[in-house]
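Since the structure comes first, as structure tokens, the remarks are kept for the end.
What follows is calculated from the coordinates using simple rules that are stated; it is not laboratory data. Worth saying up front: this structure is predicted, and the values here are computed from it rather than measured. Please note: Cβ atoms are built from the backbone with ideal geometry, for glycine as well, and neighbour counts cover all protein chains shown.
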Amino acid sequence: MMFLRFFVWQMDGSIYGLCHNVIDQSMNAKLEACFMLTRLLKFINWILPKDDGLAVFDSVPDFSGNSQALFEFMRDMGEPEAVWIVEEPLDIEGVRQERRHSLRALLTILRAGSLVSTHGRMSEIRVRRQKYVNLWHGMPLKAMGYAETGGREFKEPVRFDDENYYLIATSTIMRNAMAACFNQDARRIHITGQPRNDKLFRSDGRIPEITGIDTGSYSKVVLFAPTFRASDYISDGRLISHHLNLPDFDAEAFSGFLKEKNILFLVKFHPLEEEEARRFFSEMDNVVLIGSDDLAERYMDLYDVLPGVDVLVTDYSSVYFDFLLLDRPVIFAVPDLEEYRRVRGFVLEPFEFWAPGPRVETFSDFLEELERCLEDDDYYRRERRIVNSLVNQQQDGESSRRVYELVWG
């Protein structure tokens, strides 16, 4: 029974998590059991025949990011057949889905000729006969993986050296950054661009469909999209993102500013932060929180929002690399920059160069810079274009096609 439960839980990509819950032994015994179970499952995967016309898709959250964009392109192409592994299946015409943790999901993965993921799932049991497309979920600004200076320890090299493994990047610089983070041979990282960015070239945004708000009745639309500040592995910041990272944030004054300037202020947090954020922003005028469920139930993601945004406010989230493709202002709320640099670190330094927009530490400075960005599109334009040319080699909305032709062409 435990073995079957392991099979099913593998769909979540958390072998250790299962072993921790079902094996009441010492830590070493748990790790040894996880290792043995992984090897056995991988052996089963090795002996089973593969269907080269079947591709399995996975993303966090479901139906989002690079996986969703590539899936939509492949659906138009008609092959290979694609199946999503999801937490909760949705009623989406023409989209085959299997529930995560189910035996059907496991069997689908073991039969598939291709595995596609934004978070490295399924890689532990993948065999070389299966194409593995690691789309990841953004280009690195802050240090991650083997480039981290603190937090998680990486004692064993994790490197894929076969021709059926594909990791993507957006430029030569980003290829080298990804190589450092993944301990990967840079020659096996392909500069294709990110499929999710294709959406930035193909619409003016779908904010009214998501929020039910007519954005045309506002003078400008601003989005606050900070990085996720904590996880099971690291804690790299003390400031509360709900206050826009600004210790002297004044909710009443900000609400008045938005009303006076007729600005729609959107906020998008990590799913684990949304509940508390919703309570905080619910009493403020002209502020709308876009939840992960709001997007998922409409089969959309953040990249259906970005084309309709005039100014992006962030801290260390690499979403601004993508937003640079629109050549619109970005504000960085980073009063804890030195602490963040010390605790988490950056894979690209100096941060001051790679952040092509005003950097603010106080609420008053934020309002001043926001007003200037709203009035002057040329503010920091030169810096934006320099960084954009370095991080986004392709700027044509054809990244999905390049990935498709690379892997299945």
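Points worth noting:
- Extension gain (nm, one decimal) between Arg129 and Trp46, 0.36 nm per residue minus Cα-Cα: 29.1 nm
- Long-range lysine pairs (8 or more apart or interchain), the chain, Cα under 27 Å: 17
- Net charge contributed by nearby residues that have their C-beta within less than 13 Å of Gly138 (K/R +1, D/E -1): 0
- When the chain is treated as a Gaussian network with alpha carbon springs shorter than 10 Å, the biggest mean-square fluctuation among Trp84, Trp136, Trp46 belongs to Trp46.
- Between Phe35 and Arg279, the contour length at 0.36 nm per residue exceeds the Cα-Cα span by 83.6 nm.
- A simple spin-label model places pseudo-atoms 7 Å from Cα toward Cβ; at Glu163 and His119 they are separated by 3.3 nm.
- The distance between label points at Glu87 and Asp376 comes to 4.3 nm (points 7 Å beyond Cα on the Cα→Cβ vector).
- Angstrom value of the Kirkwood radius, inverse mean 1/r, which spans all Cα pairs in the range 203-391: 16.9
- Shape metrics for the chain, restricted to C-alpha atoms - Rg then Dmax, Å: 21.8, 66
- Spin-label model, His190 to Val343: label points 7 Å out along the Cα-to-beta-carbon direction sit 3.9 nm apart.
- For the range 326-399, the percent of C-alpha pairs falling in each 10 Å distance bin, counted from 0 to the bin holding the largest distance, reads 18, 42, 32, 8, 0.
- On full extension, the segment bounded by Glu297 and Leu103 gains 67.4 nm, given 0.36 nm per residue less the C-alpha separation.
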